[in-house]
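Chemist: One structure coming up, written as structure tokens, with questions to follow.
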Amino acid sequence: MKDSGQGWVTSEYSMLPRSTLTRTNVNRVPAGWAGDQEIQRLIGRSLRSVVDLTSFGKRTIWIDCDVIQADGGTRTASITGAFVALAMLSRF
């Protein structure tokens, strides 16, 4: 993307402490769990597919998705919330 004149949209995804009813054993799930990375990539690809990257100039837009209550629909909710945030950002 360097010297292309296009921008980039990417995301971060994480489940906050106490977002699930059961405690995750931190010894079994390493930091930077691969599932989080997969969801981050999914959100970023979803957003890039619906925006014109040339309209951002040489800017990178970071969308941060923090799950406060995990109930089985966090991927869909994160994509929807990220899209709303990106749409609100484009108004300014």
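Chemist: Filter segment 53-86 down to the residues that are part of a loop (DSSP other than H, G, I, E, B) and among the basic types (Lys, Arg), then identify the one that is nearest to the chain's Cα centre (by Cα).
Modeler: Arg59
Chemist: Go through segment 57-91 and report how many residues are free of Cβ contacts under 8 Å to residues at least 40 places away in the same chain and acidic (Asp, Glu).
Modeler: Number satisfying all stated conditions: 1.
Chemist: If you don't mind, there's one more thing I want to ask. Is at least one residue of segment 18-25 at pLDDT 80 or above and of a type outside the set (Gly, Ala, Ser)?
Modeler: yes
Results for (1) open to solvent by 90 Å² or more (accessible area, probe 1.4 Å); (2) at positive phi, shown as yes or no for each residue.
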| residue | (1), (2) |
| --- | --- |
| Asp36 | no, no |
| Leu47 | no, no |
| Gly57 | no, yes |
| Cys65 | no, no |
| Ala70 | no, no |
| Thr76 | yes, no |
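The values are calculated or read from the model by the stated rules, or taken from the named source; none is laboratory data. On a predicted model such as this, the values are computed, not experimentally measured, just so you know. Backbone-built Cβ (ideal geometry, glycine too); neighbour counts: all protein chains shown. Remember, those area values only see protein heavy atoms, side chains included, never the ligands or the DNA or RNA. Shrake-Rupley method; radii C 1.70, N 1.55, O 1.52, S 1.80 Å.
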